[in-house]
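**Q** Quick one: the structure is below, questions incoming.
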Amino acid sequence: MGLDAELIAIGPFSRKLDDLQLLDYATHYYDKVAPGAPIITRLLQCNTSDQSRYLAGCFGFDALDFSRHHVDPMAADIDRLRREFDEYEVDRFLKLRELGFQFYYVPNG
């Protein structure tokens with residue numbers, strides 16, 4: 001069985017997120033969400049074992065080191081991320097990081 005992974009971000013909802021289109025769903029789905037309510041969005045999705053391990057490596061840990069899955073966003077090697085992932089997704093990561101979101105590496109496999 002292969003290893004798929006993704007990075008998820010959890011943080012406080014604000015209308016700034018709507019304006020920046022940083023979330024998974026269309027903005028009208030967030031009409032009833034109160035400012036400050038915790039929300040989750042997914043980014044940097046990996047479809048292969050190699051890509052999943054690469055993503056973990058961009059943050060300085062092994063993909064199956066479960067003690068490191070709460071990711072330090074400041075440890076990101078942005079140049080490495082840009083080499084493998086869509087620029088839009090990397091930019092989303094950077095904007096969410098600026099907004100104080102927390103990040104988690106989620107392996108599946």
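**Q** Nearest 10 degrees, 0 to 90: what angle lies between the long axis of helix 87-98 and the longest principal axis of the chain (Cα atoms)?
**A** That helix lies at roughly 70 degrees to the long axis.
**Q** Indicate the gyration tensor shape class of the range 22-73 (rounded, prolate or oblate), computed on the Cα atoms with a ≥ b ≥ c the square roots of the eigenvalues: a/c under 1.5 is rounded; otherwise a/b larger than b/c is prolate and the rest oblate.
**A** Prolate, since a/c reaches 1.5 and a/b exceeds b/c.
**Q** List the chymotrypsin sites (Phe, Trp or Tyr not before Pro) in the range 1-78 that DSSP assigns to loop (not H, G, I, E or B) and whose Cβ has at most 11 other Cβ atoms within 10 Å. Which are they?
**A** Answer by residue number: Tyr25.
**Q** Hey, another quick one. With charges only on Cβ, +1 for K and R and -1 for D and E, what is the dipole size of the chain about its Cα centre, in debye, rounded to 20?
**A** My answer is approximately 280 debye.
**Q** Under the 0.36 nm per residue contour assumption, what length would be gained going from the current alpha-carbon distance of Asp86 and Ala34 to full extension?
**A** Working it through step by step, the gained length comes to 15.7 nm.
**Q** Which trypsin sites (Lys or Arg not before Pro) from the range 1-108 combine a DSSP loop assignment with at most 12 other Cβ atoms within 10 Å?
**A** Answer in residue order: Lys32.
**Q** Further question on the same structure: Rounded, prolate or oblate: which fits the range 43-87 when a ≥ b ≥ c are the square roots of the eigenvalues of the alpha-carbon gyration tensor, with rounded for a/c under 1.5 and prolate only if a/b beats b/c?
**A** Verdict is oblate for the range 43-87.
**Q** Wrap a convex hull around the Cα atoms of the chain, take a quarter of its surface area, and give that in square nanometres.
**A** 6.8 nm²
**Q** Report the relative contact order of the chain, percent, no decimals, based on alpha-carbon pairs under 8 angstrom and at least 6 residues apart.
**A** Result for the chain is 41 percent.
Rule-based calculations on the coordinates, nothing more; no lab input. Predicted model only: the values in this text are computed from it and were never measured. Heads up, the Cβs are rebuilt from the backbone with ideal geometry, glycines too, and the neighbour counts pull from every protein chain shown.
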